[in-house]
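Taking it in order: structure first as C-alpha cells, then the write-up.
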Amino acid sequence: LAALLMGTLLFSGSVTAARLLGWSSAAAPLGGMLMMAAWLAWAVDAARR
C-alpha cells in the first residue's frame with residue numbers, strides 16, 4: 001500500500017508541478033513504474049490467496 005501511495009504521489013505530483021509550476025517532470029517515470037510494481041505485487045498476493 002505504501003508503494004502504491006508513493007508512486008501515485010511521485011507521478012501525479014511531478015506531472016502537476018510540471019504543468020503548473022514549470023518544473024521538470026523527471027520523477028514521473030519513476031512514480032509510474034513504482035505504481036505498476038505495486039499493482040503487480042498486489043495482484044500476485046491476491047492470486048496466491
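The values are calculated or read from the model by the stated rules, or taken from the named source; none is laboratory data. The structure presented is a predicted model; accordingly, all values stated were derived computationally and were not measured. All Cβ positions, glycine included, derive from the backbone under ideal geometry; neighbour counts span all protein chains shown. Heads up: the accessible areas ignore ligands, DNA and RNA and are worked out on the full protein's heavy atoms, side chains in. Shrake-Rupley method; radii C 1.70, N 1.55, O 1.52, S 1.80 Å.
Quick one: is residue 10 open to solvent by 100 Å² or more (accessible area, probe 1.4 Å) and assigned to a helix (DSSP H, G or I)?
So residue 10 does not fit the description; no.
Which of the following residues is more than 8 Å from the chain's Cα centre (by Cα) and of a type in the set (A, V, I, L, M, F, W, C): 30, 20?
20
In segment 25-40, which residue that is in contact with a Phe, Trp or Tyr (Cβ under 8 Å, 6 or more places away or on another chain) and more than 7 Å from residue 10 (Cβ to Cβ) is most open to solvent (accessible area, probe 1.4 Å)?
Only one residue fits best here, namely 35.
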